[in-house]
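Peer 1: For reference, the structure I am asking about is given below.
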Amino acid sequence: MRSSNCRFLFKNGLIPNLAEKPSVTTLLEAHQGAYTTTRTHNGGSLLLFWERHMSRLSNSLRILLNSNPELLFNSETYRVPFSLVSTKPTMWDSLVQSLVDDSMRKALPFLLKKRRSGEELAITCLVSGNVDSLKELVRDEEMFSTAFDVYVHVGSYVPPLFGIHENAAHLAVVGRGRRVANAKYSDWVRQRKQLEKLRPPSVNELLLSNNGDQILEGCLTNLFVVCHKDVNGDYHKASQRDDESTVSIELQTAPIRDGVLPGVLRQVILDICSRNKIPVREIAPSWSEREMWSEAFITSMWLSYSLRLLQHVEVIQAPSSWESLEAQTWTDISWEEKLFEHAPGRITALIQKEVLEMASIEGYSVSLFNDR
């Protein structure tokens, strides 16, 4: 992937008068709120899984509003109007969609004119609570729009040629699960910075666990592991034999109830596995059973700006002692490793192929913003 260093920021459909356009990270650090990130493909004509992203954004906003409004309005003393909290889910989804669509209708025509040949766009939509503008109870759609600011951050990039081998992921378990894990919110960008001191130099994603054994997710990704087991459920026997007639596999990923983000690609993969009859168990992969793992991959819209969206894992490392995470730096920790010698594996490759097909099927035409 080659970035063109071209980026734009819109606030409520307008370009703010800023001396320098911030990076996505800077934007998310500066404003509390719920956000989602996607990108275009097919020459800037389609948005990846746009409708799924809007559904997740709406859910994240509703969760923050009801349980942790300080992560939305940047004010612990602010009292959310009852009319906002009591908005019906179907109406809420429609209002959030309308807010974002209004900004996208204004931003996309400008952006597509600026896009150079061969470039695609990475798009982050952040919806942030606006305490100053909300002076009275929200009673209708017009008043609802005053409660939030919509930021649309766009950067352009040149995707790699299809078929070029991407580096495998190197992961390390370094911290506990996220607060309000079932919502995607900007404050997590600041929180995860505290984990960076424990990142070994070769690691490109950090994993989260509450006890050092059950692995929940990555800071920016969902984790999937292909686990072998004996047909009778005996994991120890499965590690001692290669006879496929007596050994089965299942794809494991932590369930939402354990405290993981309901990632857009996570659900896409669960749908793919259901359609292809790939056994899935929503259970946090257990580090103590890593000898049974034959493949692993992570998923995220942030994984290099290619269309792959899925990255196979070469190695996962975890502290020999969970208490050692109190150390000052990664050099003070004794690590254990799980190496995947034949990555990417058969299941990973199959799911990767299906993800690409789903991306095309569910591509959302940017021209539709002109029709609304």
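The values are calculated or read from the model by the stated rules, or taken from the named source; none is laboratory data. Fair warning: this is a prediction, and the values are worked out from it, not measured in the lab. Using ideal geometry, Cβ is built from the backbone for each residue, glycine included, and neighbour counts are taken over all protein chains shown. Surface accessibility is based on the protein's heavy atoms, side chains included, excluding ligands, DNA and RNA. Shrake-Rupley method; radii C 1.70, N 1.55, O 1.52, S 1.80 Å.
Peer 1: Select from the range 13-36 the residues that are assigned to a strand (DSSP E or B) and in contact with a helix residue (DSSP H, G or I) (Cβ under 6 Å, 6 or more places away or on another chain) and list them in ascending order.
Peer 2: A34, T36, listed by residue number.
Peer 1: Still on this structure, please answer the following. Given the criteria open to solvent by less than 10 Å² (accessible area, probe 1.4 Å), farther than 13 Å from T124 by Cα and either touching a Phe, Trp or Tyr at 6+ places or on another chain (Cβ under 7 Å) or modelled with pLDDT under 90 (or both), does S75 qualify?
Peer 2: Considered against the rule, which asks whether it is open to solvent by less than 10 Å² (accessible area, probe 1.4 Å), farther than 13 Å from T124 by Cα and either touching a Phe, Trp or Tyr at 6+ places or on another chain (Cβ under 7 Å) or modelled with pLDDT under 90 (or both), S75 comes out as no.
Peer 1: Turning to a different aspect of this structure: Could you tell me whether Q194 is in contact with a strand residue (DSSP E or B) (Cβ under 9 Å, 6 or more places away or on another chain), without any contact (Cβ under 8 Å) to a residue 24 or more places away in the chain, more than 14 Å from V313 (Cα to Cα) and open to solvent by 20 Å² or more (accessible area, probe 1.4 Å)?
Peer 2: Yes: the conditions hold for Q194.
Peer 1: Please pick out the residue among S145, S156, S133 that is among the hydroxyl-bearing types (S, T, Y), at pLDDT below 90, in contact with a strand residue (DSSP E or B) (Cβ under 7 Å, 6 or more places away or on another chain) and at negative phi.
Peer 2: Matching residue, one of S145, S156, S133: S156.
Peer 1: Whether any residue in the range 29-46 is surrounded by fewer than 20 Cβ atoms within 10 Å (Cβ to Cβ), modelled with pLDDT of 90 or more, in contact with a Lys or Arg (Cβ under 7 Å, 6 or more places away or on another chain) and more than 16 Å from A107 (Cβ to Cβ) is what I want to check.
Peer 2: The answer is yes; a qualifying residue exists.
Peer 1: Select from the range 169-191 the residues that are open to solvent by less than 10 Å² (accessible area, probe 1.4 Å) and of a type outside the set (A, V, I, L, M, F, W, C) and list them in ascending order.
Peer 2: G175, Y185, S186, listed by residue number.
Peer 1: Between R116, R139, R199, which is more than 28 Å from E357 (Cα to Cα), at pLDDT below 90 and surrounded by fewer than 19 Cβ atoms within 10 Å (Cβ to Cβ)?
Peer 2: Only one candidate qualifies: R139.
Peer 1: Here's a follow-up. Of the residues that sit in the range 323-372 and are touching an Asp or Glu at 6+ places or on another chain (Cβ under 8 Å) and open to solvent by less than 20 Å² (accessible area, probe 1.4 Å), which one is modelled with the lowest pLDDT?
Peer 2: For the range 323-372, the residue satisfying everything is F369.
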